[in-house]
1. Once label points are set 7 Å from the Cα along Cα→Cβ at both ASP23 and LEU94, what is their separation, rounded to one decimal in nm?
2. Calculate the spin-label point distance for GLU14 paired with ASP74, positioning each point 7 Å from the Cα along the beta-carbon direction, and give it in nanometres.
3. Quote the relative contact order of the chain in percent (integer), defining contacts as alpha-carbon pairs under 8 Å separated by 6+ residues.
4. How far apart, in nm, are two points set 7 Å out from the Cα along the Cα-to-Cβ line at GLU106 and at ASP42?
5. Working from Cα positions, state the angle (0 to 90°, nearest 10) between the long axis of helix 52-68 and the longest principal axis of the chain.
6. Between ALA46 and residues 5 or more places away or on another chain, which pairs have amide H atoms under 5 Å apart, with H built 1.01 Å from N, and which residues are they?
7. For the chain, what is the mean residue ellipticity at 222 nm derived from helices alone (per DSSP H run of n ≥ 4: -39500 (n - 2.57); sum divided by total residues; nearest 500 deg cm²/dmol)?
Amino acid sequence: MKPRQAIPADKLGEPHAQLRDADGKLLGGIVRKDGEWVLGLDGKIAGTSHSAAHVLAILKRAAALLRAEGKAVDLVFSAPLREAAHAEAAAEGLDFEAFQEKLAREMAGGR
């Protein structure tokens with residue numbers, strides 16, 4: 001197994017969210033790079049999207065799942081990410097809470 005090489009900070013993108021455990025270990029995050037939102041989980045890129053609402057909802061869902069397992073986690077995110085996510089939800093006629101619920105249903109295979 002090859003050792004993981006550190007990526008220079010200027011190559012990562014602009015940070016907008018981070019999910020950390022009680023010890024401060026980074027569990028996940030969102031950066032903005034080349035016009036896309038990049039979601040990272042457990043040190044790996046989980047996906048990219050043009051939708052701030054999707055990546056924020058997924059990271060918030062990850063935080064909720066960890067908390068449901070009894071793990072203490074802290075999720076912080078930027079005002080620009082929150083504003084973009086809420087604007088996307090509003091464009092669909094939803095508040096962000098309803099958007100999150102809809103996405104969770106879709107991810108679970110329901111509509």
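1. 3.6
2. Result: 2.4 nm between the two label points.
3. So the answer I get is 22 percent.
4. Simple spin-label model gives 2.4 nm for this pair.
5. Helix 52-68 sits at roughly 80 degrees to that axis.
6. HN-HN under 5 Å from ALA46: LEU39, GLY40, LEU41.
7. -12500 deg cm²/dmol
Here, each number is a calculation from the coordinates, and none is a lab measurement. As the structure is a computational prediction, the values presented were derived from the model and not from experiment. All Cβ positions, even for glycine, are placed from backbone atoms using ideal geometry, and neighbour counts span all protein chains on display.
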